[in-house]
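Each remark here refers to the structure printed beneath this line.
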Amino acid sequence: MQILIKNSRVIDPANGRDMVSDILIEHGRIKQVARELKAEADKTIDASGKITIPGLVDMHVHLREPGREDKETVFTGTRAGLYGGVTSVLAMPNTSPAIDSAASIRLLKEIVRKTAASNVYICAAITKGREGKELTPFAQLKAEGALAISDDGSSVDSTPLMFEAFKSAKEHDLLVICHCQDRSLSGDGVVNLGFTSTRMGLRGISSESEYKRVQRDLELAAEAGARVHIAHVSCRESVELIAEAKKKGVRVSAESAPHYFALTEESVLSYDTNMKMNPPLRSEADRQAIREGLRDGTLDAIASDHAPHTENEKEIEFERAEFGVIGLQTELGLAISELLEPGLLDWQALVQKISLNPAKILGIDKGTLGEGSDADLVIIDPHREWTVTKEGLVSKSKNSPFLGKRLKGVVEYTVCNGTLAYENQHAAGR
Amino acid sequence: MRWTRKDLLGLEELTAEEIELILDTAESFKEVTTREIKKVPALRGKTVVNLFYEPSTRTRVSFEIAAKRLSADVINIATETSSVQKGETLIDTGTNIEALKADIIVMRHNCSGAAAILARHVGISVVNAGDGWHEHPTQALLDMFTLKEKLGRIKDVQVSIVGDIAHSRVARSNIWGLTKLGARVMVCAPEILIPPGIERMGVEVTHSIEKALQDADAVNVLRMQFERDSHGAFPSHLEYFQKFGITTERLEKAKKDILIMHPGPLNRGIEIESSVADGENSVILEQVTNGIAVRMAVLFLVSQARDSGNADPH
């Protein structure tokens with residue numbers, strides 16, 4: 001199958017490219033990127049006025065399968081990703097069973113092979129059952145294809161055990177992804193600690209409970225010489241600690257999620273449980289620090305922390321509702337609306353954050369439109385706007401904090417491994 | 001000034017004018033409660049459901065009397081004996097009550113924000129009778145009504161709220177209401193019972209009971225909720241009484257006509273000395289009486305807003 005994309009502005013920081021060009025795709029790969037390409041393709045897309053970027057690489061996604069197929073499946077999650085321009089995801093291991101053994105990875109790989117709509121990479125657990133007690137067999141996990149390890153959803157509380165994990169991860173060249181939360185500090189909190197928790201009469205989660213754990217994990221990783229990635233950074237102090245560690249040469253990377261650069265704790269005041277996630281929405285100063293961290297490169301990646309939950313788990317009392325929000329379908333629009341439009345990031349930088357950098361962090365050959373590489377790409381109409389609605393979200397769960405929001409930048413086509421995997425109805429109707 | 005809200009969820013979202021409207025309306029209903037026949041037909045044919053997820057006698061009975069004096073039919077649901085025990089969700093319970101054609105749900109719930117969540121999912125009125133640590137608007141309204149009745153005004157009045165501010169919905173509602181009407185509010189408690197950022201609600205914070213009593217026109221003494229102490233961090237009963245208890249001795253240095261208020265139920269000998277609770281400065285029982293008029297006003301206003309079709313959906 002050949003696809004020819006005509007006349008779009010191709011933005012490809014991996015190859016230092018930003019020019020109006022044609023792209024020819026053949027046998028799942030990018031065959032050629034040049035002006036005025038002539039080919040008898042099976043499908044020719046006139047993309048004049050559009051922007052083509054490498055497919056998004058979202059390195060923080062909860063696909064919920066196996067175990068909670070009522071929330072999401074590998075198929076529905078990856079399909080939602082395609083609607084949002086995401087062609088590669090890193091699946092987090094907090095499923096049921098947890099992805100903590102060679103057998104469970106094989107199980108997940110089988111599900112992926114049969115049902116995934118895009119590329120799924122696997123993050124395995126650091127400890128068995130994610131209980132923080134006993135390390136998983138890193139060598140076997142790596143051999144089965146795990147790219148990273150994380151107990152995401154919680155942090156390994158035992159410092160000696162975490163140090164062992166870093167040392168072993170270094171030995172096996174596994175990336176350690178840290179969900180930084182000291183539960184002895186965050187307790188039963190549900191919203192940002194401070195005026196917000198006081199006003200709402202809810203227990204608070206302090207920034208301290210995050211950044212103290214960031215600090216610990218950075219120190220342990222540095223001492224072990226391991227590669228560490230800080231997940232879903234939400235507060236100013238964490239950004240500062242990561243910046244310092246980078247200066248010192250620690251092998252650290254970090255991500256934040258759209259809700260942390262787009263929203264603040266103000267959004268939670270109505271007790272809308274779609275605004276409840278962990279870490280919680282924080283102050284305007286924190287939001288600004290996240291935006292600045294993305295701008296200056298302290299934060300390498302944007303990841304959705306896509307965390308689907310059913311209505312039954314969300315449409316209840318605030319403190320009883322599950323933590324987490326979905327984000328695969330909205331992250332590109334949010335990055336464009338919140339970071340590109342105000343001038344914090346240009347297209348090159350945006351593509352780095354949302355595609356190239358996460359690919360590099362995971363060590364996968366994605367995030368590029370270089371000739372010969374996998375044909376994963378998104379064609380965007382950068383000028384058109386759309387409104388996030390429940391009906392428009394194709395994830396099995398609808399717990400988006402952005403329902404009703406207008407976003408700039410419409411995904412017109414998503415090509416995944418050389419196949420036209422998603423075509424916007426509007427684009428198709430032309 | 002017209003009331004347009006279908007619900008009363010808290011005082012934070014109300015304007016000073018709306019609060020004054022409730023207080024003024026309550027004043028005319030208080031007159032009703034002095035008549036020989038204490039009943040008006042304002043809510044005749046309406047059904048008020050008291051939905052209580054937490055044990056409460058005083059507030060529930062007060063709402064029940066208020067509704068009955070307005071000629072409404074009243075149904076009491078205590079969740080210990082309802083379908084909630086079978087796992088029914090708050091929203092399902094609410095929509096079922098709506099399907100039974102009730103007009104107003106008065107809800108007490110142990111989770112902060114529960115009233116707001118319910119109100120978003122039902123078209124009928126929701127009156128918050130206390131949600132978690134968040135708000136207890138009718139309690140604060142009756143406190144303000146009592147203050148206004150006794151002092152003639154609320155503007156520039158100095159009110160001290162003493163006790164477990166961190167876990168108190170009464171404190172929060174009082175702070176919002178009083179500051180909106182121009183009172184000066186001080187909160188007084190041990191450090192661990194002062195929630196972070198409280199000063200941004202427009203109050204002064206002190207840990208000295210002497211300071212709290214010094215210039216106060218009224219002191220609102222909160223019940224110490226020792227059952228909230230999950231970490232064993234609260235002071236002991238005796239220690240609390242010694243440091244923060246309202247005693248006759250401490251009141252000697254206060255204004256002579258200082259008003260002593262308490263939302264009840266009292267912990268005698270812990271936050272308040274019996275001689276103070278029963279003394280001549282105490283308006284504690286008058287608060288209880290005023291609660292009926294205030295709740296009549298609230299039930300009347302939310303019902304009227306819905307009937308006139310002007311209710312803001314939110």
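Any read-out appearing in this document is the output of simple, stated calculations on the displayed coordinates, not a laboratory observation. All figures in this text were calculated on a predicted structure; none of them were measured in a lab. Note that each Cβ is placed from the backbone with ideal geometry, even for glycine, and that neighbours are counted across all protein chains shown.
Structure summary
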{"read-out": "222 nm mean residue ellipticity, helices alone, for chain B (DSSP H n ≥ 4; -39,500 (n - 2.57); rounded to 500)", "value": "-11500 deg cm²/dmol"}
{"read-out": "Cut-off 13 Å (backbone N to label point 7 Å along Cα→Cβ of B:HIS121), residues of the range A:264-296", "value": "A:272-274"}
{"read-out": "Cα long-axis angle, helix B:90-99 against chain B (0 to 90 degrees, to the nearest 10)", "value": "40 degrees"}
{"read-out": "Taking all pairs of distinct alpha-carbon atoms in chain B, Kirkwood radius in angstrom", "value": "19.8 Å"}
{"read-out": "For A:THR44, distant residues with modelled amide H under 5 Å away", "value": "A:LEU4"}
{"read-out": "Hypothetical label at B:ARG2: residues of the range B:287-305 whose amide nitrogen lies under 15 Å (7 Å Cα-Cβ projection)", "value": "B:301-305"}
{"read-out": "Within chain A, helix-based [θ] at 222 nm, where runs of 4 or more DSSP H residues each add -39,500 (n - 2.57), nearest 500", "value": "-8000 deg cm²/dmol"}
{"read-out": "FRET efficiency, B:ALA233 to B:GLU204 (Cβ-Cβ, R0 30 Å, nearest 0.05)", "value": "0.80"}
{"read-out": "Part-to-part distance (alpha-carbon centres) for the range A:309-347 and the range A:204-280, which is given in Å", "value": "16 Å"}
{"read-out": "Debye, to nearest 20: dipole size of the protein assembly as shown, +1 on Lys, Arg Cβ, -1 on Asp, Glu Cβ", "value": "820 debye"}
{"read-out": "Candidates A:SER256, A:SER304, A:SER209, ranked by Gaussian network fluctuation over chain A, Cα under 10 Å, top entry", "value": "A:SER209"}
{"read-out": "For the range A:104-112, Karplus couplings with θ = phi - 60° (6.51, -1.76, 1.60), whole Hz, Gly/Pro x", "value": "5, 5, 4, 4, 5, 4, 5, 4, 4"}
{"read-out": "Paramagnetic reach from A:ARG183 in the range A:71-106 [backbone N under 19 Å; point 7 Å along Cα→Cβ]", "value": "A:93-100"}
{"read-out": "Neighbour cut-off at most 10 other Cβ (10 Å), DSSP loop, trypsin sites (Lys or Arg not before Pro), the range B:226-280", "value": "B:LYS253, B:LYS256"}
{"read-out": "Theoretical gain in end-to-end length, B:VAL61 to B:GLU98 [0.36 nm per residue, Cα-Cα removed]", "value": "11.1 nm"}
{"read-out": "Charge-dipole axis of the range A:54-362 as Lys and Arg at +1 and Asp and Glu at -1 on Cβ define it, positive-most pick from A:THR298, A:LEU362, A:ILE205", "value": "A:LEU362"}
{"read-out": "Relative contact order (%) - criterion: Cα under 8 Å, at least six apart; region: chain B", "value": "23 percent"}
{"read-out": "Karplus-derived 3J(HN,Hα), 6.51/-1.76/1.60, for each residue of the range A:254-263, Hz, glycine and proline x", "value": "7, 10, 9, 10, x, 5, 7, 9, 9, 10"}
{"read-out": "Shape category assigned to the protein assembly as shown from the gyration tensor of Cα positions, a/c cut at 1.5", "value": "prolate"}
{"read-out": "Distance (nanometres) between label positions extended 7 Å along Cα→Cβ at B:ARG153 and B:ARG44", "value": "4.2 nm"}
{"read-out": "FRET efficiency, 1/(1 + (r/R0)^6) with R0 30 Å, evaluated for A:THR389 and B:THR15 via beta carbons", "value": "0.40"}
{"read-out": "Dipole in debye (nearest 20) - the range B:55-152, about Cα centre, beta carbon charges: Lys, Arg +1; Asp, Glu -1", "value": "240 debye"}
{"read-out": "Placed amide H near A:LEU281: partners under 5 Å, 5+ positions off or other chain", "value": "A:ASN192"}
{"read-out": "Positive-end extreme of charge dipole, chain A - chosen from A:LEU37, A:PHE195, A:GLN181 (charges on Cβ)", "value": "A:LEU37"}
{"read-out": "Taking B:CYS111, A:CYS123 and counting other C-beta atoms within 10 Å, the order from fewest to most", "value": "B:CYS111, A:CYS123"}
{"read-out": "Candidate lysines for bridging to B:LYS86, where Cα separation is under 21 Å - those fewer than 8 sequence places away on the same chain excluded", "value": "A:LYS314"}
{"read-out": "Phi-based couplings in Hz for the range B:18-34 (Karplus 6.51, -1.76, 1.60; Gly and Pro marked x)", "value": "5, 5, 4, 4, 5, 5, 5, 5, 4, 4, 5, 6, 5, 4, 4, 6, 9"}
{"read-out": "Residue of A:PHE138, A:PHE261, A:PHE318 that the Gaussian network model of chain A assigns the largest fluctuation, springs spanning Cα pairs under 10 Å", "value": "A:PHE318"}
{"read-out": "Most fluctuating residue given options B:PHE63, B:PHE241, B:PHE300, as computed from a GNM of chain B linking Cα atoms under 10 Å", "value": "B:PHE241"}
{"read-out": "Label point distance in nm, B:SER71-A:ARG295, each placed 7 Å from Cα along Cα→Cβ", "value": "6.5 nm"}
{"read-out": "Cα gyration tensor shape of the range A:54-362, rounded if a/c is under 1.5, else prolate or oblate by comparing a/b with b/c", "value": "rounded"}
{"read-out": "Stretchable slack from A:LYS167 to A:HIS27, in nm (0.36 nm times residue separation minus alpha-carbon distance)", "value": "46.3 nm"}
{"read-out": "Charge tally in the Cβ shell below 11 Å around A:LEU403, where Lys, Arg are +1 and Asp, Glu are -1, A:LEU403 excluded", "value": "+1"}
{"read-out": "FRET efficiency for B:GLU27 and B:ILE192, using Cβ-Cβ distance with R0 set to 30 Å, rounded to 0.05", "value": "0.15"}
{"read-out": "Of A:LYS71/A:LYS109; A:LYS246/A:LYS408; B:LYS38/B:LYS68; A:LYS133/A:LYS170; A:LYS170/A:LYS248, those spanning more than 21 Å from alpha-carbon to alpha-carbon", "value": "A:LYS246/A:LYS408"}
{"read-out": "Farthest toward positive dipole pole in the range A:54-362 [+1 Lys/Arg, -1 Asp/Glu at C-beta], among A:GLY324, A:ALA125, A:MET277", "value": "A:ALA125"}
{"read-out": "Estimated distance in nm for a label pair at A:LYS247 and B:ILE37, the labels positioned 7 Å out from Cα along Cα-to-Cβ", "value": "8.2 nm"}
